[in-house]
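What follows is a single structure, written as structure tokens, with notes after it.
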Amino acid sequence: MRSIGDMARDSGLGVSALRFYDRAGVLVPAWVDPVTGYRWYAPEQLEEARLLAGLRRAGMPLADTRLVLASWSGADTDLVRKLLGAHLRHLEQGLSEARSEFSALLALLDHREHALLARREHAQPDHRENAMTSLRNVTARLSLAAPELATALDSVRFAASTDPELPMLGGVLFDIEGGTLHAVATDRYRLAIAHAGVTGHDGSRVQIIVPTALVDAMRALSDGEGSVRLSVEGDRVTLEAGDRQAAGHCLDHDFPDYRRLLPEPGERRTLLDVPAFRRALETGPVRAVDAEAGDLSVLRMEDDGAVTLCTDADDAPDRVAVNRAFLLDALAAGARDRLILELGAPTAPITIRRPDDESTLSMLMPVRMED
């Protein structure tokens, strides 16, 4: 018998992927310890796991993957060949269409950049740079209450990206305007925004992206009472608390215009009992759709505002699937025993707000379920 760790190492499937395929009924362990719940696999299941790893790398849908595995060892392999061929044609067609669309988009982007450059060359000297670029040279000094900054960072840190191919999202945006610092983070699948009051600032808008390592150092400095001092000089940002400081360089990128992404308060909303809802999520049913998507909780809001965790048998059209770990993170970041949950269409983001401050919120992208 192979342990799940041995199976992961020898097959090319991660432990989380093996657990996913177990829940999906695609590759079920030969034996599960009834006491520990630990999974054990028979030696002959290694070939199936390696096959699964290849199909997963090729992006084959779960429904077709089931059929391939079910037919792989049979005498008639015609179905397997047809499924593999159909998926390959689908990938080739999709790639061809994507190339065509991306070529048009890149040409449009080139045209836009040339037009912007031409406008800057003919503009007055003090207006040649756009707003985001000119902010690189801004000097700003302000003060914040340490607990407010700590709360704001705790509310958004979970949503910062770790994708090395999207470095502009690998930090927290400090958007300072008027008497407020807005802290914003997103990894495309999640977006979180919170705010803290500031004093000593002249009111002009300053935007900097603080890398996550520096954000964590700033959070450690803000773990106390009193005030902290934030200063921005060019691309360098410093937070001081007493005789201690955390300093470093901002990320040299532009952050997306997050204000365009913020939703209006939805009509389908309810006030959650967070501890009870968290327990329900942790022990309730999960849906298996794709190994990359993780465990999904499928939610449905009743007419009376009650939130139901749907089972596999529940195919209500208004159900919304979301990564369970992401939802639990957002509930923890909300830091309240009562939070507002807003559900829209199955393709619309899920929004979590604080009842006492609805502008502090988290948005979670839903996950498409298989039909």
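Each value in this text was obtained by applying a stated rule to the coordinates, not by laboratory testing. None of the values given here were measured: they were computed from a predicted structure. Because the Cβ atoms are built from the backbone with ideal geometry, glycine has one as well, and the counts that use them run over all protein chains shown.
Going through region 237-254 one residue at a time, which ones are within 25 Å of the chain's Cα centre (by Cα) and β-branched (Val, Ile, Thr)?
None; the set is empty.
Okay, residues lined up against (1) more than 18 Å from residue 369 (Cα to Cα); (2) among the small types (Gly, Ala, Ser):
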site	(1), (2)
19	yes, no
23	no, no
49	yes, yes
55	yes, no
60	no, no
64	no, no
74	yes, yes
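State which residue pairs qualify: first residue free of Cβ contacts under 8 Å to residues at least 40 places away in the same chain and inside region 257-285, second residue of a type in the set (Lys, Arg) in any location, beta carbons under 9 Å apart, and separation of 6 or more residues or different chains.
Close Cβ pairs (under 9 Å, with a partner that is of a type in the set (Lys, Arg)) amount to 284/324.
I'd like to know if region 65-87 contains one or more residues that are under 26 Å from the mean Cα position of the chain (by Cα) and surrounded by 13 or more Cβ atoms within 10 Å (Cβ to Cβ). Steps first, please.
Our first condition is that a residue be under 26 Å from the mean Cα position of the chain (by Cα); within region 65-87, this holds for none.
Checking region 65-87: not a single residue is under 26 Å from the mean Cα position of the chain (by Cα) and surrounded by 13 or more Cβ atoms within 10 Å (Cβ to Cβ).
Can you name the condition, by its number, that residue 275 falls short on among (1) buried (at least 17 other Cβ atoms within 10 Å of the Cβ); (2) in a helix (DSSP H, G or I)?
Here residue 275 meets the rest and fails (1).
Quickly run through region 305-355 and pick out the residues that are of a type in the set (Lys, Arg) and more than 13 Å from residue 368 (Cα to Cα). Before the answer, list the steps.
Keep residues of region 305-355 that are of a type in the set (Lys, Arg), which gives 319, 324, 336, 338, 353-354.
Result: 324, 336, 338, 353, 354.
With the checklist (1) surrounded by fewer than 19 Cβ atoms within 10 Å (Cβ to Cβ); (2) out of contact with any helix residue (DSSP H, G or I) (no Cβ under 8 Å at 6 or more places or on another chain); (3) among the hydrophobic types (A, V, I, L, M, F, W, C) in hand, flag the one item residue 326 doesn't pass.
(1)
Show the residue pairs meeting these rules: Cβ distance below 7 Å; 6+ apart or different chains; first residue within region 17-29 and closer than 19 Å to residue 44 by Cβ and in contact (Cβ under 8 Å) with a residue 40 or more places away in the chain; second residue crowded, with 17+ Cβ neighbours inside 10 Å and aromatic (Phe, Trp, Tyr).
What qualifies is 27/21.
What strands (runs of 3 or more DSSP E), lying completely within region 310-371, carry at least 2 residues that are under 25 Å from residue 60 (Cβ atoms)? Let's see the steps before the verdict.
Numbers: elements: 320-323, 338-342, 350-354, 357-364.
Ranges flagged: 320-323.
Restricting region 340-371 to residues that are among the charged types (D, E, K, R) and under 17 Å from residue 298 (Cα atoms), which is nearest to the chain's Cα centre (by Cα)?
Residue satisfying both the conditions and the ranking: 368.
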